[in-house]
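Heads up, the thing below is written out as structure tokens.
The values are calculated or read from the model by the stated rules, or taken from the named source; none is laboratory data. No experiment lies behind these values; they were computed from the predicted model shown. Here the Cβ positions follow ideal geometry from the backbone for every residue, glycine too, while neighbour counts run over all protein chains shown. Only protein heavy atoms, including side chains, enter the accessible area calculation; ligands, DNA and RNA are left aside. Shrake-Rupley method; radii C 1.70, N 1.55, O 1.52, S 1.80 Å.
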Amino acid sequence: MNAWASRYDSDPLAGDWRARHAAPRGRQREVEAQVGMVVEDAQTGWCGAVVAVEKAGGMRVVHLEDRRGVVKAFPLGPGFLLDGAPVLLTPPTAAAREALARQQAAGARTASGSRAVSGASARVATASRLFVEGRHDAELVEKVWGDDLRVEGVVVEMLDGVDDLAAVIRDFAPTARRRMGVLVDHLVPGTKESRIVAAAQRVSPEHVLIVGHPYVDVWQSVRPERLGMDSWPVIERGRSWKHGVLAHLGWPAATQADVAAGWKRILGSVRTYADLQPELLGRVEELIDFVTAPTVPSAPAADESP
């Protein structure tokens, strides 16, 4: 045995010696990177929940999402803190992936927060309908409540404004088995919308439910934090509200195509119901409950046997 071998039980340069020095100070342990686990990158201080582990550029990376919804990728391995202790993140094992899949299937939620119905196909459309003012309203409802509405068989239709709402209700001819729910923008006391709704509701008070949110436009129902703002801007009278918002955000705002592109960016910032204001959430849930409520059979006449 030579002198070098007698001093060391094993080769001190064997293995990935750089990885050990890349880790934060302290004794680290290996931990499987599991979705939802909150860790901190020790070098940059970035803290976030694990949302994915994948191969990229020939190496494994872990994607961490911070509390603002921003996602960054880091090399999987050493250099992370879990509950303040240094850890080496490893890929999920097959058993862990299978367990995670079972857990996610059991507790899966739709974007609206409802429990997902596994393997359910869309129902044939029912006679009842949910009406919204325009395309942007419809796209937002679809993104958050689309899965729920397909399970219930409820179709969303666009009104293109509410000026002729009473006529639309008459044409729809609602009944107990053909209910109509209507979502109206900027429904606050003293507005034109409030007068239109009051008149329209009298057409069929039992089979039509009209509710609204207080926002100038459905854009405003998205939490401003999702767009990097503390609050939505106040746009001066006489200026297009949507164009003014886009200009405030520093986005192109000259044409209708710019408005469409801006809405796509705003809609893209919405992931679940938690990204929307409660004033909209409550009203949409109320409408869905109304148009999907079971029909109550008529009571038998006094001379009829039960």
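Quick notes
- Other-chain or far-sequence residues with amide H under 5 Å of Ala33's (modelled H): Thr90
- Size descriptors for the range 111-259, from the alpha-carbon set: Rg then Dmax equal 17.4, 50 Å.
- Solvent-accessible area per residue, Å², over the range 230-292 with all protein chains present [probe radius 1.4 Å]: 54 Å²
- Legend: calculated FRET efficiency, Met59 to Ala199, from the Cβ-Cβ distance at R0 = 51 Å, rounded to 0.05, equals 0.20.
- Note that the range 126-191 presents 45 Å² accessible area per residue, ligands and nucleic acids not counted, probe 1.4 Å.
- √(5λ) per eigenvalue of the Cα gyration tensor, the range 222-269, largest first, Å: 16, 14, 8
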